[in-house]
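Notes to accompany the following structure.
The values are calculated or read from the model by the stated rules, or taken from the named source; none is laboratory data. Everything quoted here is computed from the prediction, not taken from an experiment. Don't worry about glycine lacking a Cβ; one is built from the backbone with ideal geometry, like all the others, and counts go over all protein chains shown.
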Amino acid sequence: MVLTTAAAPSPSRLWTWNFTLYFTARTMSVVGDTMIPVAMAVAMLSLGYGVSGVGFALGAWMGAFALFVVFGGVFADRFHPRPQMIGADTVRCLLQTGLAAFLWLGHPPLWFIIGGAVLGGIATAMFQPGVNSLVPQVAADPQQANGVLRVSEGVATMAGPALAGTLVAVTSAATVFAVDAATFAVSAICLLALRLPRFDVDRSASTLANLRTGWAEFRSRSWMWGVILIWWVLGVCVWGPVTPLGAVSVMEAHGKAAFGYAESAFGAGCVLGGLIAMRIRPSRPLFAGGLAMFLFPLMPLAASLVPGLPVLLLGYGLSGTGWAFWSVQWATTVQTQIPADRLGRVTAYEIAGSVLALPFGQALAGPASAVLGVHRLLLFGAVVSCCCATALIAAPPIRRLGRARVLPEQAPWKEEDEGRRRPACASRS
C-alpha cells in the first residue's frame with residue numbers, strides 16, 4: 001500500500017458559498033444528532049424506564065430510519081436531495097420542540113417517546129441520502145471535502161454531547177431537546193440558501209424500477225456489500241448496545257456529565273482522524289481504513305473497564321480517531337466509485353445495510369445486560385470490534401480496492417462563476 005500526502009486545498013476552490021452553507025448545515029445537524037443520545041439516555045433513566053427504555057427508544061428511531069432510507073435515496077435521485085433535507089430538518093425541529101414541551105409539562109409515557117422516535121427516524125431517512133449526494137455538487141475535491149466535513153463532525157460530536165451533558169447537569173433533558181430543535185432549524189435555513197442548478201434526470205422509471213437499479217448497482221460491488229456484512233456484526237454487537245450500556249457504566253462510575261464528556265472525547269478523536277485523512281491519500285483506502293479501525297475497540301473497552309476519567313476519555317478519543325479515518329476513506333470511495341445519477345440510491349442501500357442491525361443491538365442491550373452484565377457485554381463488544389477490523393483487512397475485495405482517480409473532465413459537476421456549481425450536462429436556462 002502506498003501512502004501519499006495531499007496538497008492543502010485551495011480556499012477559493014473548496015470554500016465556495018455553497019460549500020460554506022453546506023458545511024454549516026451539516027455541522028449543525030450533527031450537533032443536533034449527537035445531543036439526542038445523551039438527552040434520551042438521561043431522560044429515559046430519569047423517568048424510570050431503565051436501560052431497556054433507552055434501547056427501545058433508540059432502536060425505534062434506528063429501525064424506522066433503516067426501513068425508510070432506501071425510499072429516501074430513490075426520491076433524492078428522482079427529484080433533488082435539497083428539498084427533502086429541508087423538509088426532514090423541519091420535521092425534526094418540530095418533533096424535538098414537542099418532546100421538550102412534553103418533558104417540561106409532565107411525565108411523557110413511553111409510547112409517546114417511542115412514537116416520536118419513529119417519526120424522527122423517518123425524517124432522518126429522508127435527510128441522510130442527500131448528505132453524500134450533495135458533496136460532489138458543492139465541492140470540487142471530494143477527498144478534501146470529506147476530510148473537512150469529518151473534522152467538523154468531530155467538533156460537533158465533541159460539542160454536542162458536552163453541551164448536552166452540561167445542560168442535563170444544570171437544567172434538564174427538556175432544555176437539551178429545545179436546543180436540539182434549534183440546530184435543525186439552522187440546518188434547514190442554510191440548505192434553503194444553497195444556490196444549486198436544476199436537477200435534470202429521467203423521471204419516467206417507476207419507484208420499483210429505481211429501487212431495482214440501485215440494488216443492482218449495490219450488489220454488483222463485492223467490496224461494498226462485504227463491508228456491510230461486517231457492519232451487521234459490528235452493529236448488533238457494538239454500535240447498537242454501546243450507547244445505552246456505555247451510558248449506564250460511565251454514569252454509575254463518574255456521574256451524569258461524564259458520559260457527555262466521554263462522547264465529546266470521541267468527537268475530539270474524530271477531529272484528529274479527519275485531519276489525518278485530509279493529508280494522507282492511501283492507494284488502497286479501505287485497507288488503510290481497516291487498519292485504523294483497530295483503534296475503535298478502545299471505546300467499548302474503556303466503557304467496560306471504566307478506569308479513571310482521563311484514561312476513559314483517552315480510550316474514547318483514540319477510538320474516534322480510527323473511526324473518523326475509516327469514515328473519510330469509505331465516504332470518498334463510495335462517492336468516487338458510484339455513478340453520480342445513482343449515488344443517492346446506492347448510498348441509501350449502503351446506509352440501510354449499515355444501520356439496520358443497530359436497532360437489534362439497541363433492543364437487545366437491556367435483556368442481554370440483565371443476563372451477562374453491563375461490563376461483560378461491553379467487553380464482548382470490544383472483542384467483536386477487533387474481529388471486524390481483522391475482517392476488513394483480510395477480505396480481498398475490500399483490501400485490494402484501489403483509489404479512484406476522477407479527472408476534472410470526468411466529474412459530473414464543474415466550477416462556475418460566483419462559487420456556483422452546475423452539472424456539465426444540465427440546462428443553463
Handout entry: Residues located in the range 75-90, provided they are in contact with a Leu (Cβ under 7 Å, 6 or more places away or on another chain) and surrounded by fewer than 23 Cβ atoms within 10 Å (Cβ to Cβ)
Key = ARG82, ILE86
Exercise for the section: Looking only at the range 81-97, decide whether some residue is closer than 30 Å to LEU291 by Cβ and either modelled with pLDDT of 80 or more or assigned to a helix (DSSP H, G or I) (or both). Expected result: no
Practice task
Just need a number here: residues in the range 46-57 that are of a type in the set (S, T, N, Q) and surrounded by 22 or more Cβ atoms within 10 Å (Cβ to Cβ).
Solution key: 0
Handout entry: Enumeration of residues in the range 370-394 that are surrounded by fewer than 23 Cβ atoms within 10 Å (Cβ to Cβ) and hydroxyl-bearing (Ser, Thr, Tyr)
Key = THR390
Handout entry: Residues of the range 35-80 satisfying the condition of being assigned to a helix (DSSP H, G or I), more than 20 Å from PRO241 (Cα to Cα) and either of a type in the set (Val, Ile, Thr) or modelled with pLDDT under 75 (or both)
Key = VAL69, VAL70, VAL74, ALA76, ASP77, ARG78
Practice task
Taking only the range 272-305 into account, find how many residues are surrounded by fewer than 22 Cβ atoms within 10 Å (Cβ to Cβ) and either touching a Cys at 6+ places or on another chain (Cβ under 9 Å) or at positive phi (or both).
Solution key: 1
Problem - Count of residues meeting criterion [β-branched (Val, Ile, Thr) and either surrounded by 22 or more Cβ atoms within 10 Å (Cβ to Cβ) or under 30 Å from THR333 (Cβ atoms) (or both)] in the range 146-185 - result: 7
Handout entry: From ALA64, ALA43, ALA60, ALA100, residue being buried (at least 23 other Cβ atoms within 10 Å of the Cβ) and touching a helix residue (DSSP H, G or I) at 6+ places or on another chain (Cβ under 8 Å)
Key = ALA43
Completion exercise
Reported set for the range 369-391 where residues are closer than 13 Å to GLY240 by Cβ and at pLDDT 90 or above is LEU377, LEU378, PHE380, GLY381, VAL384, SER385
Practice task
Name, by its number, the condition in (1) surrounded by fewer than 23 Cβ atoms within 10 Å (Cβ to Cβ); (2) under 21 Å from LEU229 (Cα atoms); (3) under 21 Å from the mean Cα position of the chain (by Cα) that does not hold for ALA340.
Solution key: (2)
Fill in the blank from the handout: Per the filter on the range 246-274, residues over 18 Å from the mean Cα position of the chain (by Cα) and more than 13 Å from PRO37 (Cβ to Cβ) are SER249, GLU252, ALA253, HIS254, GLY255, LYS256, ALA257, ALA258, TYR261
Handout entry: Within the range 68-122, tally of residues that are of a type in the set (A, V, I, L, M, F, W, C) and either touching a strand residue (DSSP E or B) at 6+ places or on another chain (Cβ under 9 Å) or under 24 Å from THR213 (Cβ atoms) (or both)
Key = 11
Exercise for the section: With the condition kept exactly as written, say whether any residue in the range 9-24 is modelled with pLDDT under 80 and in contact with a strand residue (DSSP E or B) (Cβ under 8 Å, 6 or more places away or on another chain). Expected result: yes
Problem - Matching option when the condition is touching a residue at least 60 places away in the same chain (Cβ under 8 Å), within 18 Å of the chain's Cα centre (by Cα) and assigned to a helix (DSSP H, G or I), among ALA277, ALA288 - result: ALA277
Exercise for the section: Give the residues of the range 91-123 that are within 19 Å of the chain's Cα centre (by Cα) and β-branched (Val, Ile, Thr), sorted by residue number. Expected result: VAL91, VAL118, ILE122
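Just give me the residues in the range 25-47 being among the acidic types (Asp, Glu) and under 16 Å from ALA258 (Cα atoms), in sequence order.
none
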Fill in the blank from the handout: All-but-one check, GLY32 against (1) out of contact with any Asp or Glu (no Cβ under 7 Å at 6 or more places or on another chain); (2) at pLDDT 80 or above, failing number (1)
